[in-house]
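Asker: Handing you a structure now.
The values are calculated or read from the model by the stated rules, or taken from the named source; none is laboratory data. Quantities reported herein were computed from a predicted structural model and do not represent experimental measurements. Cβ: placed from backbone, ideal geometry, glycine included. Neighbour counts: every protein chain shown.
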Amino acid sequence: MKRIVGLRKQHRALHEGELEFIYPENRKMLVFLRRYDDEKILVVANLSRHVQYVELDLEKFEGLVPMELFGHTRFPPIGELPYFLTLAPYSFYWFELTSEEEENGDAEFKPPLLENVRSIRDFFPARKPGVVQNEIVPNWLRHARWFAGKNRRITGISIIESIMLSEARGGLLLLLVQVEYTEGESEIYQVLLTRSYEDQAEEILEEHPRSVLARLNTPGEKEPIGILHDALVAPRTAEFLLDIIKKRRRFKGEQGHLSGAPEKAFRRIEKEKAEAGDDISDEPDILRGEQSNTSIAYGEKFILKFFRRLEEGTNPDLEIGKYFQDRTRFRYVPSVAGSIEYEGSRDMSLGILHEYRDNQGDAWNLTLDSISHFYDNIVAFATGSDETPDVPELRFIDMRAYEPPEIVAEAIGTFPITVELLGQRTAEMHLALAAHPEHPGFEQEPFSSHYQRGLYQSLRNLMDEAFSQLRSGLHK
């Protein structure tokens, strides 16, 4: 009964929507539809003490997919023919009728209009639990670029923590959101919310439309005057996050607290950049691109990686970075300058501040470019020479001692030198990681047959899952 009440609160169509009865030939079945805006809930109940079947004329809903609300089971799409169902004695179904696009998370997200919003505190879950937890966050989260659960079936979304960081300039509210799925473990995401108005709101709507959760109105206003949006698209938020780290600020939530902490490298980097003429007040640059997290560059001093999906415990990036700095001489990675962490029933890393390092790409793209240049060079050499170099067929392991003909070496270029240096740095990194087995988290683990078997089985399961998703995708 508690779950039924919870579902009724979650779906407004069940308690506020229009009521439309459907009259099947089997009079022992009660069937009706509830509508609220775009939400459609189909209720089918067996009033008999015997098993019953029913054929429903749902032709006007052709193409929609009935999603059973309790188990989140997807039923076959509605077609031209009558929809056939069988129900046990005194049983019932609650179906949400959704489109294929909504089911796959491809439907366009339309931010709802919220009225009587006076403060960012109005979005505290304790104040408006139905609005924030059941409507705004779930609908927006499904369409967020960085949301990793798009291909999984969601059974519930709950806000497990809320922390007020600021009430100035639109406010800043942090929410920790737990997402439950039909299969697999749940996930936790962090969402930063703020409000913007007038020109700033128009700019965000134009440049970052997918960051908007809702349109806002106040009493007496006919048109929306503001928006509730992902705070990380606003430069003022980036400045505030850096300030949390720099000044070791601490904020109390309902279940725990958030705190920032600079590392020794923070002052060193500030000093070095100041001596070079750089200014820490450079406007932050929120980096765009297909990332699972959000990165913010502060001039050429720092770069903050703000995690969207959170894992319990200290993030490995932070733990390994501090290990390299404090216990080894390996310096071929960016220095850790600070972090933002959450401590409560579950400790989690929210963000890591690194030293900014210029780069020219990654080894993967370098390899692709080198292969492309190699083929271009081979074509050029072939048109200018009648000689065809003799290249023997060798096993990969035997190629290390092989000296290619001069024309082939020229076509390859300096790529082998770069790869050799990359291999050297990788080896040095692994030696550094193994240098202090007494340090917690860096202990040596035996590579036993049992461990190998477990590793093999996990990789095999991952492969089976990948091929299963590939097969299902090919049939769509």
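Asker: Restricting attention to strands (runs of 3 or more DSSP E) lying wholly within segment 1-85, give those where 2 or more residues are within 23 Å of Lys110 (Cα to Cα).
Answerer: Counting at least 2 such residues, we get 29-36, 39-46, 65-68.
Asker: Taking only segment 351-393 into account, find how many residues are in a loop (DSSP other than H, G, I, E, B), modelled with pLDDT of 90 or more and over 25 Å from the mean Cα position of the chain (by Cα).
Answerer: 0
Asker: So in segment 77-109, with the set limited to residues that are surrounded by fewer than 13 Cβ atoms within 10 Å (Cβ to Cβ) and either over 24 Å from Leu47 (Cα atoms) or of a type in the set (A, V, I, L, M, F, W, C) (or both), which one is modelled with the lowest pLDDT?
Answerer: Among residues in segment 77-109 that are surrounded by fewer than 13 Cβ atoms within 10 Å (Cβ to Cβ) and either over 24 Å from Leu47 (Cα atoms) or of a type in the set (A, V, I, L, M, F, W, C) (or both), the one modelled with the lowest pLDDT is Asp106.
Asker: What are the residues in segment 185-214 that are out of contact with any helix residue (DSSP H, G or I) (no Cβ under 8 Å at 6 or more places or on another chain), touching a residue at least 24 places away in the same chain (Cβ under 8 Å) and under 25 Å from Lys305 (Cβ atoms), if any?
Answerer: Within segment 185-214, Glu187, Ile188, Gln190, Arg210 meet the criteria.
Asker: Kindly establish whether Leu232 is at pLDDT below 95 and within 25 Å of Leu141 (Cα to Cα).
Answerer: So Leu232 fits the description; yes.
This table checks each residue for (1) surrounded by fewer than 19 Cβ atoms within 10 Å (Cβ to Cβ); (2) modelled with pLDDT under 90.
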site: Glu198; (1), (2): yes, yes
site: Glu206; (1), (2): yes, yes
site: Val212; (1), (2): no, no
site: Thr218; (1), (2): yes, yes
site: Arg250; (1), (2): yes, no
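Asker: When residues of segment 436-470 are filtered for being free of Cβ contacts under 8 Å to residues at least 40 places away in the same chain and more than 24 Å from Phe324 (Cβ to Cβ), how many remain?
Answerer: So the answer is 23.
Asker: What residue, of Gly156, Gly170, is in contact with a helix residue (DSSP H, G or I) (Cβ under 8 Å, 6 or more places away or on another chain) and either part of a strand (DSSP E or B) or closer than 24 Å to His208 by Cα (or both)?
Answerer: Checking each option against the conditions leaves just Gly170.
Asker: State yes or no: is Pro389 out of contact with any helix residue (DSSP H, G or I) (no Cβ under 8 Å at 6 or more places or on another chain) and surrounded by 13 or more Cβ atoms within 10 Å (Cβ to Cβ)?
Answerer: no
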